[in-house]
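J.: Take this structure, written in structure tokens, and hold onto it; I'll ask about it next.
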Amino acid sequence: MSALLEVEGLVKHYLVRGGGGLFGAPVVLKAVDGVSFSIPAGRTLGLVGESGCGKSTTARLVLGTLARDDGKVVFDGEPVGAVRDARWRAQRRTMQMVYQDPLSALDRRLTVGKQVMEPALIHGLGTAAERRQKALSIMDAVGLSSRFFDRYPHELSGGQRQRVVLARALILSPKLLVCDEPISALDVSIQAQVINLLLDLQDQFSLTYLFISHDLKVVRQVAHEVAVMYLGRIVERGDPEALFHAPAHPYTRALVGAIPTPLTRGRARASLQGDPPSPINTPPGCAFHPRCPRAEARCRSEAPLLRPLDDGRFAACHFPVLSTPAREAA
Amino acid sequence: MTSPLVELKDLTVDFPVGGNWVRALHGVSLTIRRGEALGLVGESGSGKSVTWLAATKLLPAKARIAGEVLLDGRPIQGLTRDQMAGVRGKRVALIFQDPTSSLNPVHRVGTQIAEAVRLHRGFDAAAARAEARRLLDRVHIPSAARRIDDYPHELSGGTNQRVMIAVALAGEPDLLVADEPTTALDVTIQAQILDLLAEMRRETGMALVLISHDLGIVADITDRVAVMYAGRIVEEAPVDALFDDPRHPYTQGLLAALPDVGGPRRRLTAIHGQVPNPAALPPGCSFAPRCPAAIAGCVTAIPSLDAVAADRRTACFRARPATSLEIAA
Ligand SMILES: Nc1ncnc2c1ncn2[C@@H]1O[C@H](COP(=O)(O)OP(=O)(O)OP(=O)(O)O)[C@@H](O)[C@H]1O
Ligand SMILES: Nc1ncnc2c1ncn2[C@@H]1O[C@H](COP(=O)(O)OP(=O)(O)O)[C@@H](O)[C@H]1O
Ligand code: SF4
Ligand code: SF4
Ligand SMILES: [Mg+2]
Ligand SMILES: [Mg+2]
């Protein structure tokens, strides 16, 4: 099966002011530092990691809305350029983005119907009557009744607004949806509705998802493969069940072990010490070594590469954990 | 029998919204025993924060509050704002979601802790600073001696939340109300803060009210849980009973809608519909339009929060009523 999206060696570095106040020498912030993955058509890759690890930057590099410093992105057999020419625009039509905060992604002066039709209008697709018809059928697919057509975003609940955002993305019949924390801003009782909707839409429209979230529980629900990021790099990638049940990378282990759930209540957690270091001056060797319970001398000097393990998973660690389940060790 | 530490009795809160009064809290009654950890869960707007802001007189003056708040069995209504300020911090301390914005950005963190120590325990400047230093150690801030002169913006979110906890501990409170203390933090840092809260409670014996929309967090460090929906407590139970055998359809729905990292992967059962607008609550039980168990009577009367077993209360017409034996147990 060939991949719909192939990403290789993505890099984005920023020059930011250093520690020495206003006039400090500029230093390099490695927002994304060599990220590779691929997503087969119709599948979902879940990208997880803590705030600032480079998830959103990766998303923008994939879509070409942010210029990369290095690496390449191939979408549906065609390279995605960083130049906004006609070809990029045509390509962009089939790659759509869904953001965390539906309200700020919507125009508060436009009715729901107008917003859903707008992308088709911009791309000059169909007649006005066809656009209206298409908008109504997409609204139906995302579970918005036609009575919302003439309503305004502020009259809708958070879950309904996120449905409008989805409808707006879907009207262009995209192949890929990049969802950046699509349910984080929603009420708890609404999150499951949107998760189920995303799964149903994937079936119905054969969509491919790059699904970004800091919530591993949600990612497990939707992803066929999971990639864990730490300080701009993927540290582990593989099947969600294997990865969450028996994480190989010590960071994944800590991440999974830190999640409080009703299922694991009362069980001792093996907490990770310290704060995540900043992507400025990342530690030498393995960037995780200052917080890693398994670190040895080699980790401080030699950066581990993302290598395949026996079970088909990939981990970037000199001493991966090869057997014990994450949540029973403590 | 000694009186409970804090008792809220039929607390109601109304806010003026566009010329009308909109009721945010519809008679909340809650008892906090000495030393216990109570979780308060519910989704955004359900009234978790307003409950405790009303109880500690921190709501804006335009809000209309009714009901009783008892501390050690004595009502606090009569207290002036100044007297109340003495209760807050000294007896009942609060910490909030966003530590960095709750701290004063222009004062060093050590100064802010020392200030709380002076205010609540009457120490002089030197003693207060020494105590601040000790508190920073106590909340496990590495190299406390250096951090004491840092400003909040120089510290990470997790460290600032530790500072907030140190400020809260300064008055040696009997109750700490932590309102979404980890929501703004990453999951590995969240785990550290939850561990710290549990440790502080073990060491000081203070009671804890942990407000969260995350059932997992509440399950982690509390003994008893109250679930709020649309300005009311709809279920209250010991933590294990609530998760193993939820009685209210809303609690049942929340648990069915919750993804997990372990166990079999299953399609989530979503609660359909949406959270009601407080200005236009549905008639009868507020959960009725979304409730799979609703019967005709649910839209004509509001279910009261009644005992359904020993130490368990549920506000639902269809929850199994308690036998007198269970209540006596
Ligand atoms: N100052 C205020 N003026 C008007 N309405 C208010 C005010 N403060 C709170 N409310 C309303 O009171 C209700 C309960 O709010 P509260 O802040 O207690 O919710 P919550 O359960 O803490 O939610 P969250 O999880 O979002 O923090 C909401 O409908 C809210 O809009
Ligand atoms: N325009 C920018 N200039 C400087 N630094 C940036 C910029 N955009 C992102 N960063 C930094 O890059 C890192 C990764 O950011 P981001 O991709 O937004 O993380 P995530 O989405 O995983 O939370 C962070 O340290 C962030 O502060
Ligand atoms: S390479 Fe070493 S420091 Fe890095 S995660 Fe593996 S064991 Fe830990
Ligand atoms: S009272 Fe009726 S509507 Fe309300 S939760 Fe119980 S069964 Fe459902
Ligand atoms: Mg982001
Ligand atoms: Mg709140």
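J.: Find the strands (runs of 3 or more DSSP E) located wholly in segment B:201-318 whose residues include 1 or more that are under 19 Å from the mean Cα position of the chain (by Cα), over 30 Å from A:Asp203 (Cα atoms) and more than 14 Å from chain A (Cβ to nearest Cβ), and list them.
T.: In segment B:201-318, the matching strands (runs of 3 or more DSSP E) lie at B:207-212, B:224-229, B:232-238, B:312-314.
J.: For a quick check of your reading of the model, give me the residue pairs whose first member lies in segment B:245-269 and is free of Cβ contacts under 8 Å to residues at least 60 places away in the same chain and surrounded by fewer than 22 Cβ atoms within 10 Å (Cβ to Cβ), whose second is among the basic types (Lys, Arg) and part of a loop (DSSP other than H, G, I, E, B), with beta-carbon atoms closer than 8 Å and at least 6 apart or on different chains.
T.: Correct list of pairs: B:Gly262/A:Arg327.
J.: Only one of these conditions is not met by B:Lys62: (1) more than 20 Å from the chain's Cα centre (by Cα); (2) over 30 Å from A:Ala185 (Cβ atoms); (3) not aromatic (Phe, Trp, Tyr). Which number is it?
T.: (2)
J.: Can I ask one more? Just to verify a result, which residue in segment A:211-263, among those that are of a type in the set (Asp, Glu), surrounded by fewer than 24 Cβ atoms within 10 Å (Cβ to Cβ) and in contact (Cβ under 8 Å) with a residue 24 or more places away in the chain, is farthest from the other protein chains (Cβ to nearest Cβ)?
T.: Let us first name the residues in segment A:211-263 that are of a type in the set (Asp, Glu), namely A:215, A:225, A:236, A:239, A:241.
From the residues that got through so far, the ones that are surrounded by fewer than 24 Cβ atoms within 10 Å (Cβ to Cβ) too are A:215, A:225, A:239, A:241.
After this cut, where a residue has to be in contact (Cβ under 8 Å) with a residue 24 or more places away in the chain as well, the list is A:215, A:225, A:239.
Working: A:Asp215: 8, A:Glu225: 14, A:Asp239: 12 Å.
Here the answer is A:Glu225.
J.: Here is a further query. Could you figure out which of (1) part of a loop (DSSP other than H, G, I, E, B); (2) touching a Ser or Thr at 6+ places or on another chain (Cβ under 9 Å) isn't true of A:Gly81?
T.: Only one criterion in (1) part of a loop (DSSP other than H, G, I, E, B); (2) touching a Ser or Thr at 6+ places or on another chain (Cβ under 9 Å) is unmet by A:Gly81, namely (2).
J.: Next up: Mind checking which residues of segment B:149-162 are touching a residue at least 24 places away in the same chain (Cβ under 8 Å) and surrounded by 21 or more Cβ atoms within 10 Å (Cβ to Cβ)?
T.: B:Pro152, B:Gly158, B:Asn160, B:Gln161, B:Arg162
J.: Return the residue satisfying two criteria in turn: it lies in segment A:265-274 and is facing chain B (nearest Cβ under 7 Å) and touching an Asp or Glu at 6+ places or on another chain (Cβ under 9 Å), and of such residues it is modelled with the lowest pLDDT.
T.: By that ranking, first place goes to A:Arg269.
J.: Sticking with this structure for a sec: Only one residue in B:Ala207, B:Ala226 is crowded, with 19+ Cβ neighbours inside 10 Å, within 30 Å of B:Val22 (Cβ to Cβ) and modelled with pLDDT of 95 or more. Which one?
T.: B:Ala226
J.: Is it true that some residue in segment B:85-94 is more than 16 Å from ligand 5 (Cβ to nearest atom) and within 14 Å of chain A (Cβ to nearest Cβ)? Steps first, answer last, please.
T.: Quick first cut of segment B:85-94, residues more than 16 Å from ligand 5 (Cβ to nearest atom) only: B:85-94.
From the residues that got through so far, the ones that are within 14 Å of chain A (Cβ to nearest Cβ) too are none.
Taking every residue of segment B:85-94 in turn, none turns out to be more than 16 Å from ligand 5 (Cβ to nearest atom) and within 14 Å of chain A (Cβ to nearest Cβ).
J.: Looking only at segment B:165-180, count how many residues are within 16 Å of the chain's Cα centre (by Cα) and more than 13 Å from every other protein chain (Cβ to nearest Cβ).
T.: Counting residues in segment B:165-180 that are within 16 Å of the chain's Cα centre (by Cα) and more than 13 Å from every other protein chain (Cβ to nearest Cβ) gives 9.
J.: Okay, moving on. State the number of residues belonging to segment B:75-96 that are surrounded by fewer than 18 Cβ atoms within 10 Å (Cβ to Cβ), touching a residue at least 24 places away in the same chain (Cβ under 8 Å) and either within 19 Å of B:Ser29 (Cα to Cα) or touching a Gly at 6+ places or on another chain (Cβ under 7 Å) (or both).
T.: Residues in segment B:75-96 being surrounded by fewer than 18 Cβ atoms within 10 Å (Cβ to Cβ), touching a residue at least 24 places away in the same chain (Cβ under 8 Å) and either within 19 Å of B:Ser29 (Cα to Cα) or touching a Gly at 6+ places or on another chain (Cβ under 7 Å) (or both): 1 in total.
J.: Same structure again: Just one of the numbered conditions (1) within 20 Å of A:Leu15 (Cα to Cα); (2) crowded, with 17+ Cβ neighbours inside 10 Å; (3) among the β-branched types (Val, Ile, Thr) is not true of A:Thr65; which one?
T.: Every condition holds for A:Thr65 apart from (2).
J.: Only one of (1) within 16 Å of ligand 5 (Cβ to nearest atom); (2) not in a strand (DSSP E or B) is not met by A:Tyr14, so which one is it?
T.: The failed condition is (2).
J.: Does B:Leu185 satisfy the criteria of being within 11 Å of another protein chain (Cβ to nearest Cβ), outside any helix (DSSP H, G or I) and of a type outside the set (S, T, N, Q)?
T.: Considered against the rule, which asks whether it is within 11 Å of another protein chain (Cβ to nearest Cβ), outside any helix (DSSP H, G or I) and of a type outside the set (S, T, N, Q), B:Leu185 comes out as yes.
J.: Let me ask something else. Are any residues in segment B:37-69 among the hydroxyl-bearing types (Ser, Thr, Tyr), under 23 Å from B:Pro238 (Cα atoms) and more than 14 Å from every other protein chain (Cβ to nearest Cβ), and if so, which ones?
T.: B:Ser49, B:Thr51
J.: Another question about this same structure. Which of the residues belonging to segment A:181-190 are within 7 Å of another protein chain (Cβ to nearest Cβ) and of a type outside the set (Val, Ile, Thr)?
T.: Across segment A:181-190, the qualifying residues are A:Asp187, A:Ser189.
J.: When segment A:283-325 is examined, which residues are found to be out of contact with any helix residue (DSSP H, G or I) (no Cβ under 9 Å at 6 or more places or on another chain) and hydrophobic (A, V, I, L, M, F, W, C)?
T.: Selection gives A:Ala287, A:Ala297, A:Ala303, A:Leu305, A:Leu306, A:Leu309, A:Phe314, A:Ala316, A:Leu322.
J.: Quick check, is A:Val28 among the aliphatic types (A, V, I, L, M), part of a strand (DSSP E or B), within 11 Å of ligand 2 (Cβ to nearest atom) and within 30 Å of A:Pro250 (Cα to Cα)?
T.: yes
J.: Right, another one. When segment A:275-290 is examined, which residues are found to be at pLDDT below 90, within 13 Å of ligand 3 (Cβ to nearest atom) and within 14 Å of chain B (Cβ to nearest Cβ)?
T.: A:Pro277
J.: Looking only at residues that are among the aliphatic types (A, V, I, L, M) and either in a helix (DSSP H, G or I) or within 14 Å of chain B (Cβ to nearest Cβ) (or both) in segment A:87-110, which one is farthest from ligand 3 (Cβ to nearest atom)?
T.: Among those residues, the one meeting the criterion is A:Ala90.
J.: Within segment B:27-36, can you find the residues that are more than 11 Å from ligand 1 (Cβ to nearest atom) and either of a type in the set (Val, Ile, Thr) or within 14 Å of chain A (Cβ to nearest Cβ) (or both)? Before the answer, list the steps.
T.: Applying the first criterion (more than 11 Å from ligand 1 (Cβ to nearest atom)) to segment B:27-36 yields B:27, B:29-36.
Correct list: B:Thr31, B:Ile32.
The values are calculated or read from the model by the stated rules, or taken from the named source; none is laboratory data. Note that the coordinates shown come from a computational prediction; the quantities given were computed from them, not determined experimentally. We place every Cβ from the backbone using ideal geometry, glycine too, and count neighbours over all the protein chains shown.
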